[in-house]
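Data first, discussion second: the structure below is written as structure tokens.
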Amino acid sequence: MSSGKIGYWTVIAAPNPPVSVNFIQGQMAITPASLVTELSVSKCPGAIFDSSDTSGHYVSQCYSRWTTTNNPSIPIYTMPRFSWTDQASLGARGCWAPTASGPWYVNVRWTYPAGSGGGNSLQWGPGSW
């Protein structure tokens, strides 16, 4: 993708157990230097909600910004576990995006210097039990 563009993928349901999944970016041979990766989970495909958002969609646990090129990730909880039944009870453990109220999307924006090109590998991984 071009620098500054936003791509999105539908959040997949976690197996039971675990109750969460991790969306992970890996580095490839052509990953550009000085890469900034932003990950944002919301019901809005193609939208990044960061702390500058004034619409009320920003949730700090559902946004991350990385300046490292390898293994930026965001943990996404897709079903209740223990007493974790909403973002408030889940707290800082990850982003609350329950399958039952979806679909949810993980939105990705890469920003890198002009003239750079490249790519990243993306994958879903198992989350916490």
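Listed values, structure above:
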{"item": "Qualifying residue in segment 95-107 (condition: in a strand (DSSP E or B), surrounded by 15 or more Cβ atoms within 10 Å (Cβ to Cβ) and in contact with a helix residue (DSSP H, G or I) (Cβ under 6 Å, 6 or more places away or on another chain))", "result": "yes"}
{"item": "Some residue of segment 120-128 being over 24 Å from Gly26 (Cβ atoms), surrounded by fewer than 14 Cβ atoms within 10 Å (Cβ to Cβ) and either touching a helix residue (DSSP H, G or I) at 6+ places or on another chain (Cβ under 7 Å) or touching a residue at least 12 places away in the same chain (Cβ under 8 Å) (or both)", "result": "no"}
{"item": "Residues satisfying the stated conditions in segment 36-71, i.e. surrounded by fewer than 20 Cβ atoms within 10 Å (Cβ to Cβ), part of a loop (DSSP other than H, G, I, E, B) and polar (S, T, N, Q)", "result": "Ser51, Ser52, Thr54, Ser55, Thr67, Thr68, Asn70, Asn71"}
{"item": "Every pair of residues 6+ apart whose Cβ atoms lie under 8 Å, when the first sits in segment 95-114 and is over 9 Å from Ser42 (Cβ atoms) and without any contact (Cβ under 8 Å) to a residue 40 or more places away in the chain while the second is buried (at least 23 other Cβ atoms within 10 Å of the Cβ) and among the hydroxyl-bearing types (Ser, Thr, Tyr)", "result": "Trp96/Tyr77; Pro98/Tyr77; Pro98/Thr78"}
{"item": "Any hit, segment 16-34, residues being surrounded by fewer than 16 Cβ atoms within 10 Å (Cβ to Cβ), within 19 Å of Ala100 (Cα to Cα) and touching a residue at least 12 places away in the same chain (Cβ under 8 Å)", "result": "yes"}
{"item": "Of the criteria (1) part of a loop (DSSP other than H, G, I, E, B); (2) modelled with pLDDT of 95 or more, which one Gly91 fails", "result": "(1)"}
{"item": "Residue list for segment 51-83, filter: under 18 Å from Ala14 (Cβ atoms) and free of Cβ contacts under 8 Å to residues at least 12 places away in the same chain", "result": "Phe82, Ser83"}
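Residue by residue, here is whether (1) in contact with a strand residue (DSSP E or B) (Cβ under 6 Å, 6 or more places away or on another chain); (2) within 13 Å of Leu35 (Cβ to Cβ) holds:
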| site | (1), (2) |
| --- | --- |
| Ser64 | yes, no |
| Asn70 | yes, yes |
| Ile76 | yes, no |
| Phe82 | no, no |
| Leu90 | yes, no |
| Trp96 | yes, no |
| Gly127 | yes, no |
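The values are calculated or read from the model by the stated rules, or taken from the named source; none is laboratory data. It should be emphasised that the depicted structure is a prediction, and the values quoted were computed from it without experimental measurement. All Cβ positions, even for glycine, are placed from backbone atoms using ideal geometry, and neighbour counts span all protein chains on display.
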